[in-house]
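K.L.:
What follows is a single structure, and I will ask about it in a moment.
The values are calculated or read from the model by the stated rules, or taken from the named source; none is laboratory data. Since the model is a prediction, treat every value here as computed from it, not as a measurement. Cβ coordinates were reconstructed from backbone atoms using ideal geometry, including for glycine residues, and neighbour counts include every protein chain displayed.
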Amino acid sequence: MLGKSKSSEDDSVSTEDKKRICPECGGIDLMRDYDLAEIVCVKCGYVIDEKIADTRPEWRAFDDEQKTKRTRVGAPMTYTIHDKGLSTTIDWNDRKSIGGKITSTQRMELYSLRKWQRRVRVSDATERNLAMALSELGKFSSALNLPKNIVETASVIYRRAIKKRLIRGRSIHNVTAASIYLSCRQCGIPRTLDEIAAISNLNKKDIARSYRFMVRELGTIVPPATSRNYAARFSNKLIISGKAEGMAIKILEVAKKLKLTSGRGPTGIAAAATYLSTVLANERKTQREIAEVANVTEVTIRNRYKELLEKLLIEVDI
């Protein structure tokens with residue numbers, strides 16, 4: 001009796017194989033062995049067919065992301081495009097697939113096909129709204145240097161808002177900016193409302209109002225902003241050593257245990273911890289430099305800095 005190979009154990013039996021019956025024992029439990037190119041009865045080991053074609057892909061994938069990237073059926077599905085990237089596109093290159101130019105009649109037919117294809121892709125007001133909003137999301141994410149997963153999450157949030165009809169009577173720009181901010185909060189990416197308002201040229205209060213409205217209506221759970229993410233970002237912008245950055249994160253962890261971060265803005269306490277770490281690591285940065293990077297006032301940094309020195313019992317040589 002032939003044994004199962006390791007590769008064939010994971011292969012599923014096709015529908016055609018399930019319909020076949022072993023002529024030797026009448027069993028229906030068949031196995032495809034691609035290593036030997038045979039179909040074998042599991043019960044008696046009779047070889048039913050040989051020299052079968054291997055229909056599996058020639059590449060291997062170990063997770064869903066690799067499987068999506070290596071398939072050859074077009075671009076992967078994405079929520080950042082209003083039709084999720086599943087539409088067809090008629091090329092503007094007016095040439096035959098085998099080479100050579102097309103006639104004027106064929107060129108007019110192609111022009112008509114392209115025109116109607118564009119109209120079908122954006123067929124109603126909801127589609128136009130979604131296409132415009134997703135385009136704005138792409139612009140905001142590029143200006144803020146956000147990773148792809150943030151844009152995908154923001155696109156899903158905006159789609160949910162459209163499905164619940166929360167966009168009516170509201171500015172598309174405000175809702176898209178609020179979606180970006182909500183996506184950053186959910187994924188733990190440190191971006192403030194001031195940064196998003198500056199990039200989008202919108203009023204901070206309008207974005208905040210749309211953000212609160214979407215959180216309430218969508219029932220989204222938003223984790224609190226953590227100061228350590230801001231500290232890491234400020235350290236990168238200030239180009240300080242990893243030692244000082246680690247010291248700032250450690251200071252924030254101790255301050256959190258002592259409840260010094262309660263009721264205080266994460267950017268202010270993170271900026272103060274970064275300033276204190278540069279002083280301790282002898283990599284002094286001025287309060288003005290850190291204030292410009294953190295988008296807070298020097299007074300805020302000084303007040304939080306004094307609190308950290310007092311509560312953490314740290315002595316600093318002036």
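K.L.:
Which pairs have Cβ atoms under 7 Å, sit 6 or more apart or on different chains, and link a residue in region 272-285 that is under 15 Å from Gly242 (Cβ atoms) to one that is in a loop (DSSP other than H, G, I, E, B)?
P.N.:
As it stands, the answer is Thr278/Ile240; Thr278/Arg284; Thr278/Lys285; Ala281/Ser241; Glu283/Ile240; Glu283/Ser241, since those pairs meet every condition given.
K.L.:
Also: When you scan region 220-318 for helices (runs of 4 or more DSSP H) that lie fully inside it, which ones turn up with 1 or more residues that are of a type in the set (Phe, Trp, Tyr) and not assigned by TED's automatic domain parsing to the domain that holds Val156? Full working, then the answer.
P.N.:
Details: elements: 227-238, 242-257, 266-280, 287-294, 298-312.
Correct list: 227-238, 266-280, 298-312.
K.L.:
Which residues, taken from region 202-222, are touching a residue at least 24 places away in the same chain (Cβ under 8 Å), over 16 Å from Arg170 (Cα atoms) and not aliphatic (A, V, I, L, M)?
P.N.:
Correct list: Thr220 only.
K.L.:
Now for a different question. Which of the following residues is out of contact with any Leu (no Cβ under 9 Å at 6 or more places or on another chain), modelled with pLDDT under 75 and of a type outside the set (Val, Ile, Thr): Glu127, Glu136, Glu58, Glu109? First the steps, then the outcome.
P.N.:
Details: Glu127 fails: modelled with pLDDT under 75; Glu136 fails: modelled with pLDDT under 75; Glu109 fails: modelled with pLDDT under 75.
One residue alone meets the criteria, Glu58.
K.L.:
Hey, any hits in region 33-53 for a residue that's of a type in the set (Ser, Thr, Tyr), surrounded by 15 or more Cβ atoms within 10 Å (Cβ to Cβ), at pLDDT 70 or above and at negative phi? Walk me through how you get there before you give the answer.
P.N.:
Residues of region 33-53 that are of a type in the set (Ser, Thr, Tyr), as a first pass: 34, 46.
Okay, now just the ones that are also surrounded by 15 or more Cβ atoms within 10 Å (Cβ to Cβ), so 34, 46.
Still in the running and at pLDDT 70 or above: 34, 46.
Adding the requirement that they be at negative phi leaves 34, 46.
Checked against the condition, which is being of a type in the set (Ser, Thr, Tyr), surrounded by 15 or more Cβ atoms within 10 Å (Cβ to Cβ), at pLDDT 70 or above and at negative phi, region 33-53 yields at least one hit.
K.L.:
While we're on this one: Please go through (1) under 17 Å from the mean Cα position of the chain (by Cα); (2) β-branched (Val, Ile, Thr); (3) not in a helix (DSSP H, G or I) for Ile167 and return the number of the only condition it doesn't satisfy.
P.N.:
Of the numbered conditions (1) under 17 Å from the mean Cα position of the chain (by Cα); (2) β-branched (Val, Ile, Thr); (3) not in a helix (DSSP H, G or I), the odd one out for Ile167 is (1).
K.L.:
Which condition number in (1) more than 22 Å from the chain's Cα centre (by Cα); (2) hydrophobic (A, V, I, L, M, F, W, C); (3) outside the structural domain of Val296 (by TED's automatic domain parsing) is the one that Ile196 fails?
P.N.:
(1)
K.L.:
Every residue in region 165-180 that is under 14 Å from Asp206 (Cβ atoms) and surrounded by fewer than 16 Cβ atoms within 10 Å (Cβ to Cβ), please.
P.N.:
Correct list: Gly169, Ser171, Ile172.
K.L.:
Return yes or no: is Arg114 in the same structural domain as Ile189 (by TED's automatic domain parsing) and either modelled with pLDDT under 85 or surrounded by fewer than 12 Cβ atoms within 10 Å (Cβ to Cβ) (or both)?
P.N.:
Numbers: in the same structural domain as Ile189 (by TED's automatic domain parsing): no; either modelled with pLDDT under 85 or surrounded by fewer than 12 Cβ atoms within 10 Å (Cβ to Cβ) (or both): yes.
No, not satisfied.
K.L.:
Tell me, which residue of region 147-164 that is of a type in the set (A, V, I, L, M, F, W, C) and under 9 Å from the mean Cα position of the chain (by Cα) is surrounded by the fewest Cβ atoms within 10 Å (Cβ to Cβ)? Lay out the reasoning, then the answer.
P.N.:
If we filter region 147-164 for residues that are of a type in the set (A, V, I, L, M, F, W, C), which is where we start, we get 150-151, 154, 156-157, 161-162.
Restricting the remaining residues to those that are under 9 Å from the mean Cα position of the chain (by Cα) gives 150-151, 154.
Values: Ile150: 20, Val151: 22, Ala154: 30.
If we take residues in region 147-164 being of a type in the set (A, V, I, L, M, F, W, C) and under 9 Å from the mean Cα position of the chain (by Cα), then Ile150 is surrounded by the fewest Cβ atoms within 10 Å (Cβ to Cβ).
K.L.:
Something else now. Go through (1) outside the structural domain of Ile301 (by TED's automatic domain parsing); (2) hydrophobic (A, V, I, L, M, F, W, C); (3) within 22 Å of the chain's Cα centre (by Cα) one by one and return the number of the condition Phe213 breaks.
P.N.:
For Phe213, the exception is condition (3).
K.L.:
Something else: Looking only at region 178-201, which residues are without any contact (Cβ under 8 Å) to a residue 40 or more places away in the chain and part of a helix (DSSP H, G or I)?
P.N.:
Initial filter on region 178-201 (without any contact (Cβ under 8 Å) to a residue 40 or more places away in the chain): 178, 181, 183-184, 186-187, 193, 197-198, 201.
Listed by number, the residues that qualify are Ala178, Tyr181, Ser183, Cys184, Gln186, Cys187, Leu193, Ala197, Ala198.
K.L.:
Still on this structure, I have one more. Let me spell it out: the conditions are (1) in a helix (DSSP H, G or I); (2) modelled with pLDDT under 90; (3) touching a helix residue (DSSP H, G or I) at 6+ places or on another chain (Cβ under 6 Å), and Asp206 meets all of them except one. Which number is the exception?
P.N.:
Of the numbered conditions (1) in a helix (DSSP H, G or I); (2) modelled with pLDDT under 90; (3) touching a helix residue (DSSP H, G or I) at 6+ places or on another chain (Cβ under 6 Å), the odd one out for Asp206 is (2).
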